[in-house]
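Everything on this sheet refers to the single structure shown next.
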Amino acid sequence: PAKKRYSLTVDTGLSIRVMPSGVKSWVVRIPFNNRVSDITLGHFPEIGKRQACQLAKRERQKYELRAPNGYTFQDAYCLWKSLKRGEIVSYQSEKQRLDKYVVSALARKQLDDVTAPMIIRLLKPIEQSGKRATAKRCLMRIREIFDLAVCAGYVLHNPIAGVSRLFKAPKKTPRPSLPWCELPAVIDVICQNANKHLQLIFFFSLYSMLRPGEVVKLRWDWIKQDCLTIPAEHMKMKRLHRVPLTAYALSLLNEAKNTSKHKRSSYVFPGQKSSKHANSQILTNFMRQNSFFKNRLVPHGLRSIARSWMADHNVSYEVAEACLAHIVGSSVSRAYQRSDFFEARMQIHKQWDGFIQDCA
């Protein structure tokens with residue numbers, strides 16, 4: 001503050017006025033009809049510089065004047081990243097998809113200048129190239145970014161709220177899998193063509209019904225007697241999961257320990273270096289290279305084989321889904337039903353490993 005009121009120019013048409021009392025106000029100057037009007041936008045620090053620029057931009061646009069720079073798409077994208085990092089399971093893949101297809105084209109665009117036709121022109125070529133799912137996911141995340149921008153006061157409305165109607169729904173095809181009665185043939189191909197390390201990953205994946213990425217990350221300190229406890233942060237659904245360990249499962253683990261090149265590794269299935277786990281795609285790559293599995297079976301399909309076997313052997317729905325670490329029921333029912341059916345699953349795993357050994 002000074003003895004007299006004074007102003008400091010911040011951007012085109014925008015200044016901050018400082019009163020002797022110490023009150024600081026954002027002011028935008030509007031020349032219109034041979035007159036100059038000063039419009040007060042609010043006080044500092046309640047309104048920050050970026051927000052003041054955005055408000056000034058809206059005021060000047062009313063009079064078709066060149067507006068100062070406000071929030072860009074990059075600003076809204078950074079807000080989305082700060083809120084979604086660690087909160088959604090697919091954060092990394094979603095971020096990579098946005099970086100590749102969206103952010104490179106829109107990063108410097110003013111949020112007020114982004115329109116529905118602009119987004120359609122950006123995403124239609126992706127859809128027409130056959131990547132419908134990619135286009136729909138990009139659109140979903142862009143809509144989410146604008147929703148957050150509206151809540152933060154960056155823009156007044158979401159310009160692409162109804163754009164999804166112009167894009168076709170992606171065709172969903174389940175991952176290939178085989179009927180459980182063909183498991184003997186699958187095991188035969190694995191035993192004849194895969195090395196011991198890969199065989200053990202296959203058999204433990206089959207037995208445990210875990211996802212490929214979860215199997216390779218298993219650690220020895222997660223195993224206590226007849227139970228494998230996987231921490232929530234290492235599971236897809238971010239929930240702690242226990243796998244019952246039968247005598248057969250323990251024999252697989254002992255064999256993995258005895259045949260490992262890195263016996264001091266903390267991982268059950270170490271990679272080339274003892275400090276790292278095996279590649280999550282190791283079994284996938286093997287199946288891709290073998291003609292028997294082509295378009296017939298992928299590692300994730302082992303879970304389908306196990307689930308189908310349980311369905312045909314009268315395993316209750318809730319127990320079978322618990323074996324696959326699926327979340328069943330509404331949030332209300334889960335608030336009451338907190339059992340993971342460990343004892344029941346132990347009996348199922350004993351029957352399941354008996355079938356696996358018969359097939360082998």
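Scaling against 2.2 N^0.38 Å puts the C-alpha radius of gyration of the stretch 241-360 at 1.26.
Give, in whole angstrom and from largest to smallest, the semi-axes √(5λ) of the equivalent ellipsoid of the stretch 134-175, with λ running over the eigenvalues of the Cα gyration tensor.
Values: eigenvalues 135, 24, 6 Å².
Equivalent-ellipsoid dimensions as semi-axes: 26, 11, 5 Å.
What lysines sit close enough to K276 to cross-link, taking a C-alpha to C-alpha distance under 16 Å and skipping anything fewer than 8 places away on the same chain? Straight-line reach from K276, under 16 Å: K217, K257, K261, K263. Using Cβ point charges alone (K and R +1, D and E -1), the dipole size of the stretch 267-317 about the Cα centre works out to roughly 220 debye. Sorting K257, K95 by solvent-accessible area of protein heavy atoms yields K257, K95, largest first, with a 1.4 Å probe. Listed by chain and number, the lysines whose alpha-carbon sits under 19 Å from that of K49, ignoring those within fewer than 8 places in the same chain, are K24, K57, K109. Legend: helices of the chain (whole DSSP H runs) are marked when their alpha-carbon atoms reach 24 angstrom or more along the helix axis and their mean Kyte-Doolittle hydropathy is at least -0.5; marked are 132-152.
Principal axis analysis of the Cα atoms in the stretch 105-154 yields extents of 36, 17, 15 Å, listed in decreasing size.
Helices in the chain, meaning DSSP H runs of at least 4 residues, each add -39500 (n - 2.57). Divided by all residues, the mean residue ellipticity at 222 nm is -13500 deg cm²/dmol.
When both the stretch 217-255 and the stretch 296-360 are represented by their alpha-carbon centers, they are found 15 Å apart. Taking only the C-alpha atoms of the stretch 211-305, Rg followed by Dmax gives 14.2, 39 Å. When only C-alpha pairs under 8 Å and at least 6 residues apart count, what is the relative contact order of the chain, in percent? Relative contact order comes out at 11 percent. When the alpha carbon gyration tensor of the stretch 1-91 is reduced to an equivalent ellipsoid, its three semi-axes come out at 32, 19, 8 angstrom, largest first.
Using a 1.4 Å probe on the protein heavy atoms, what percent of the accessible area of the chain belongs to carbon and sulfur? Summing carbon and sulfur atoms, their accessible area is 50 percent of the total for the chain.
In this structure the chain gives 56 Å² per residue of accessible area when probed at 1.4 Å with all protein chains present.
In the elastic network of the chain, a GNM with C-alpha springs shorter than 10 Å, the most mobile of R334, R288, R345 is R334.
Between the stretch 271-285 and the stretch 94-109, the C-alpha centres lie 31 angstrom from each other.
Magnitude of the charge dipole for the chain, about its Cα centre and with charges confined to Cβ atoms of Lys, Arg (+1) and Asp, Glu (-1), is about 1620 debye. The Cα atoms of the stretch 194-237 define a convex hull whose projected area, averaged across directions, is 3.4 nm².
Between I120 and H43, residue separation times 0.36 nm minus the direct Cα-Cα distance comes to 23.9 nm. Across R219, R165, R242, mean-square fluctuation computed from a Gaussian network of the chain (C-alpha pairs under 10 Å connected) peaks at R165. Evaluated with a Cβ-only charge set (Lys, Arg +1; Asp, Glu -1), the stretch 252-360 carries a dipole of roughly 740 debye about its Cα centre, given to the nearest 20. In the frame of its principal axes, the chain has Cα extents of 93, 46, 44 Å, reported largest first.
P(r) tail, the stretch 117-246: Cα-Cα pairs separated by more than 25 Å, 57% of all pairs.
The values are calculated or read from the model by the stated rules, or taken from the named source; none is laboratory data. Computed from a predicted structure; not experimentally measured. Here Cβ is always computed from backbone atoms with ideal geometry, including for glycine, and neighbour counts include all displayed protein chains. The protein model used for the area step is the full one, side chains on, heavy atoms only, and it has no ligands, DNA or RNA in it. Shrake-Rupley method; radii C 1.70, N 1.55, O 1.52, S 1.80 Å.
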